[in-house]
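Take a look at the structure below.
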Amino acid sequence: MSGKRIIHAPRGNDRSCKGWHQEAAMRMLMNNLDPDVAEDPDRLVVYGGTGRAARSWEAFDVIIRSLRELENDETLLVQSGKPVGKFRTHDEAPRVLIANSNLVGHWSNYTEFNRLERLGLTMYGQMTAGSWIYIGSQGIVQGTFETFAAAGRKHFGGSLEGKFVLTGGLGGMGGAQPLAATMNGALFLGVEVDPARIEKRLKSGYCDKIAWSLDEALELIENARKDRQSISVGLVGNCADVLPEVVKRGVVPDVLTDQTSAQSL
Amino acid sequence: MAVHVAAMLALQKKGAVTFDYGNNIRAQAKKAGVENSFDIPGFVPEYIRPLFCEGRGPFRWVALSGDPEDIARTDRLALELFPENQTLARWMKLAKERIQFQGLPARICWLGYGERAEFGVAMNELVKRGEIKAPIVIGRDHLDTGSVASPNRETEGMLDGSDAIADWALLNALINTAAGASWVSVHNGGGVGIGYSQHAGMVVVADGSENSKHRLERVLTSDPGMGILRHADAGYSRAIEFAAERKIDIPMEPRARD
């Protein structure tokens, strides 16, 4: 496949498939590869490193064609991103059945998986990449929001309003924390080594302020507390330096966690 | 890393509510000599599992029209149907202000057993009446109540020690297939890597037809219902009570272990 392909799902009420279940599968597969949604659409990667929506561009094209031809009483079978067959089923059966990245137990490891992937026999489907229902970063924000909300219910009689949340890591998954915290009314301080990651969150509106010292960060938090406002502050620093300093000063956060990405640990 | 976790433990001792957020920091710190790093609880057993016991999990839907107005209509529907759910109300209000759509407009919120089927069928009705311009696609993450076995995350520290039992995820895919989801998938390795998890996806479409209504009623009941069964079987009393309240049929009486 030469040249970039830009995929956008069709919108609206006209379909090119014979039923809405097939049409929906087609549009959601395409939506997973929309440049606004996918991490690396050229390589069919949707999210999570190498989580793919289809095995190859050739397989992608045949899936789309198969879905357009699929009758309302047929089911298409997809084996790790490659369409492998279809059978007559019935009109309330699934239109597509998918199996991704499965290996027999004893061989279910990266050595074997990587070997098979290199041979073109499988792909990594992650979770919603290979099952064609990824919708972008809203899911991470919402999951983090629910976790913080549950912490508020369990420990603080209902909500995190006015509570001080201290955490580390504002990269990939962790980048949702400041927004999820302020949505719960909290005062948020996230320690992150890489200022570029904080800048990125400021730009997207997920984080309110950047601070370059613990003094500056704690002052922002204190001011917000006095004004009865929620706030999120990204502090440029290393948890291994900042947290012992927090302990030394006798500051005790209400909630403490960490989402420093595993590869940076 | 060891210094970081030691400081977390010190703050925990002083009263900070402290939890691990799935990045394996406890195991790494333990390797580096912090013997008691697992005094910090994981976020799933601490906060998410009680939600799982009621079939609650990340529920999402997408407007095939591409029109954000259709999602705004479904946002209102959720608030109409579940006015007593304060977390949902807060999320819906703020998500509308703060979350930008990527690709087709979509919404996520956490709904439980009973709520998902009610909401799905109600969305189907809105499509039928033309209040929503094109069909709605309904699905979920695999980080969910009854569709995943992942001993380092979603099924960490199950009461009965069944963390690595993958049968539940497979049964989830099978029952959703029988119930008529629009598409169903069975995966290995999502989230935590090959060999470390088994999980299943499901998506069901609301196109306003009777056919869709049947599918939605069945699938949006069996899918979160698997989570109630799985947690009741593992001995979570909240799941056992919930199954009794909602008359979810469990052939062998589960035994509470908590």
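Just so it is clear, none of the values below were taken in a lab; they were calculated from the coordinates. Computed from a predicted model, the values in this text were never measured in an experiment. Please note: Cβ atoms are built from the backbone with ideal geometry, for glycine as well, and neighbour counts cover all protein chains shown.
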Share antiparallel - DSSP beta bridges, chain B, percent rounded to 5 = 95 percent
query = Measuring from the lowest to the highest alpha carbon on each principal axis, how far does region B:1-133 reach, largest first, in angstroms?
reply = 63, 29, 22
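What full-extension length gain, to one decimal in nm, is calculated for A:Ser56 and A:Leu119 as 0.36 nm per residue of separation minus the Cα-Cα distance?
Stretched out fully, the A:Ser56 to A:Leu119 stretch lengthens by 21.4 nm.
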request  = Give me the percent of Cα-Cα pairs in the protein assembly as shown that sit more than 33 Å apart, rounded to a whole number.
outcome  = 39 percent
key: Whole-Hz couplings from phi, Karplus 6.51/-1.76/1.60, listed for region B:108-121; x for Gly and Pro   = 10, 8, 8, 10, x, 4, x, 5, 5, 5, 4, 5, x, 5
remark   = Charge dipole of region B:58-203 built from unit charges on the beta carbon (Lys, Arg +1; Asp, Glu -1), centred at mean Cα; most positive-end Cα among B:Val186, B:Met158, B:Trp110 is B:Trp110
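Quick one: work out the % antiparallel among DSSP beta bridges in chain A, nearest 5. Walk me through the intermediate numbers first.
Numbers: 9 of 29 bridges.
In chain A, approximately 30 percent of DSSP beta bridges are antiparallel ones.
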key: MRE, 222 nm, helices only [DSSP H, n ≥ 4, -39500 (n - 2.57), over chain B, to nearest 500]   = -13500 deg cm²/dmol
note = So, with points 7 Å from each Cα along the Cβ direction, the B:His214-B:Glu125 label distance in nm works out to 2.1 nm
remark   = Taking only the alpha carbons of chain B, the radius of gyration and the largest Cα-Cα distance, Dmax, both in angstrom, are 19.7, 63
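Can you sort B:Ile165, A:Ile221 from fewest to most other Cβ atoms within 10 Å of each residue's own Cβ?
Details: B:Ile165 17, A:Ile221 23.
Sorted ascending by nearby Cβ count, the order is B:Ile165, A:Ile221.
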query = Counting other C-beta atoms within 10 Å, which of A:Met123, B:Met252 has the fewest, and how do the rest follow?
reply = B:Met252, A:Met123
key: Distance between region B:99-138 and region A:65-93 - C-alpha centres, whole angstrom   = 25 Å
inquiry  = Using Cα springs under 10 Å in a Gaussian network model of chain B, which residue among B:Leu111, B:Leu79, B:Leu11 shows the largest mean-square fluctuation?
reply    = B:Leu11
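Might you report the magnitude of the Cβ-based charge dipole of chain B about its Cα centre, with Lys and Arg at +1 and Asp and Glu at -1, to the nearest 20 debye? It would help to have the intermediate numbers written out before the result.
Details: 30 positive and 33 negative charges, 112 e Å.
That gives a dipole near 540 debye.
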inquiry  = Which one, A:Leu179, A:Leu243, A:Leu235, has the greatest fluctuation when you compute a Gaussian network model over chain A with C-alpha springs under 10 angstrom?
reply    = A:Leu243
request  = Pull out the extension gain between A:Gln229 and A:Lys4, defined as 0.36 nm times the separation in residues minus the alpha carbon to alpha carbon distance; nm, one decimal.
outcome  = 76.4 nm
message = List the residues, sorted by chain then number, that are 5 or more residues from A:Gly51 or on another chain and whose placed amide H is less than 5 Å from its amide H.
response = A:Val46
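Within a 10 angstrom radius of the beta carbon, how do A:Glu71, B:Glu115 rank from fewest other beta carbons to most? Don't jump to the answer; show the numbers that get you there.
Values: A:Glu71 14, B:Glu115 22.
By the 10 Å Cβ count, ascending, the order reads A:Glu71, B:Glu115.
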remark   = Relative contact order as a percentage, chain B, C-alpha pairs under 8 Å and 6+ apart, gives 20 percent
remark   = What helix-only [θ] at 222 nm does chain A give? Using -39500 (n - 2.57) per DSSP H run of at least 4, over all residues, to the nearest 500, the answer is -11000 deg cm²/dmol
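With N residues in region A:92-170, what two-decimal value do you get for its Cα radius of gyration over 2.2 N^0.38 Å?
On the way: Rg = 19.8 Å, N = 79, 2.2 N^0.38 = 11.6 Å.
For region A:92-170, the normalised Cα radius of gyration comes out at 1.71.
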task = Excluding residues fewer than 8 places away in the same chain, name every one of the lysines whose C-alpha is closer than 19 Å to that of A:Lys18.
result = A:Lys86, B:Lys128, B:Lys133, B:Lys213
Average silhouette area of region B:114-219, convex hull of alpha-carbon atoms, in square nanometres = 7.0 nm²
request  = Report, ordered by chain and residue number, the aspartates and glutamates lying within cross-link reach of A:Lys154, taken as a straight Cα distance under 15 Å and ignoring same-chain residues fewer than 8 apart.
outcome  = A:Glu146, A:Asp254, B:Glu46
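Placing +1 at every Lys and Arg Cβ and -1 at every Asp and Glu Cβ, with all other atoms neutral, what dipole size does the protein assembly as shown have around its Cα centre, in debye to the nearest 20? Numbers along the way, then the final one.
Numbers: 60 positive and 65 negative charges, 90 e Å.
With only Lys, Arg, Asp and Glu charged at Cβ, the dipole is about 440 debye.
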inquiry  = Give me, ordered by chain and number, the residues 5 or more places off A:Val191 or on other chains with an amide H under 5 Å from its own placed amide H.
reply    = A:Thr167, A:Gly168, A:Gly169, A:Leu235
ask   = Rounded to the nearest 5, what is the percent of antiparallel bridges among the DSSP beta bridges in the protein assembly as shown?
value = 55 percent
query = Where the eigenvalues come from the Cα gyration tensor of region A:138-264, what are the semi-axes √(5λ) of the equivalent ellipsoid, largest first, in whole Å?
reply = 19, 18, 14
